[in-house]
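What follows is a set of notes on a single structure, which appears directly below.
The values are calculated or read from the model by the stated rules, or taken from the named source; none is laboratory data. None of the values given here were measured: they were computed from a predicted structure. Methodologically, a virtual Cβ is constructed for each residue, glycine included, from the backbone with ideal geometry; neighbour enumeration extends over all protein chains shown.
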Amino acid sequence: MSKVMGVDVLVSAGGSVIGSQKDASLELSAKEIDVSDKDTGDWEQVLPGKKAWQISCDSVTLENDAAKTAILSAFLNGTLIAVVFTLGSGGTFSGNAMVSSYKFNGPQDDVSTASLSLKGSSALAVV
């Protein structure tokens, strides 16, 4: 098994890779349905419920970044955007997402950065 280097983990949106990425994460979660009853004794019993996913990404701000332009457009228009999360050669995940947050930072003595969160609004496909 080969190790996946963080530099090879990339987020794409609207058909383009987000430029100058510093950090990227994909979170998968599932609701828990408690089916415990008197017969289960001291142990909780759960079943998996609905699944969810979210992608977060931090990057240096670039002028004319096609992916960031597409993300901002989706946010302003209230539309979904196609996203891809690539784990180097370890796998690729894709789906449609809403832009749940987009933050720009412009510190006086440092480079401008952007942070965004994309909340899945479809099944997450493993390619």
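Numbers for the structure displayed
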| quantity | calculated |
| --- | --- |
| Hits in the range 87-105 - residues which are over 15 Å from the mean Cα position of the chain (by Cα) and under 17 Å from VAL127 (Cα atoms) | GLY88, SER89, GLY90 |
| Unique match (being loosely packed, with under 11 Cβ neighbours inside 10 Å, within 30 Å of MET1 (Cα to Cα), in contact (Cβ under 8 Å) with a residue 12 or more places away in the chain and β-branched (Val, Ile, Thr)) among VAL17, VAL84, VAL127 | VAL127 |
| Matching entry among VAL84, VAL46, VAL60, VAL127 (being of a type in the set (Val, Ile, Thr) and modelled with pLDDT under 95) | VAL127 |
| Hey, ASP39 of a type in the set (Asp, Glu), at pLDDT 95 or above and more than 20 Å from ALA123 (Cα to Cα) or not | no |
| Residue within the range 59-77 that is surrounded by 12 or more Cβ atoms within 10 Å (Cβ to Cβ), within 29 Å of MET1 (Cα to Cα) and among the aromatic types (Phe, Trp, Tyr) present | no |
| Tally, over the range 74-86, of residues that are under 15 Å from GLN54 (Cβ atoms) and under 11 Å from the mean Cα position of the chain (by Cα) | 3 |
| Total residues in the range 31-57, condition of a type outside the set (Asp, Glu) and over 15 Å from the mean Cα position of the chain (by Cα) | 14 |
| Residues of the range 44-55 satisfying the condition of being out of contact with any Phe, Trp or Tyr (no Cβ under 6 Å at 6 or more places or on another chain), surrounded by 11 or more Cβ atoms within 10 Å (Cβ to Cβ) and within 24 Å of LEU116 (Cα to Cα) | LYS51, ALA52, TRP53, GLN54 |
| The one condition in (1) touching a residue at least 40 places away in the same chain (Cβ under 8 Å); (2) not in a loop (DSSP other than H, G, I, E, B) that VAL7 fails to fulfil | (1) |
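For every residue, the table says whether it meets (1) hydrophobic (A, V, I, L, M, F, W, C); (2) surrounded by 13 or more Cβ atoms within 10 Å (Cβ to Cβ); (3) not in a loop (DSSP other than H, G, I, E, B).
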residue	(1), (2), (3)
SER25	no, yes, yes
SER29	no, no, yes
ILE33	yes, no, yes
SER36	no, no, no
ASP42	no, no, no
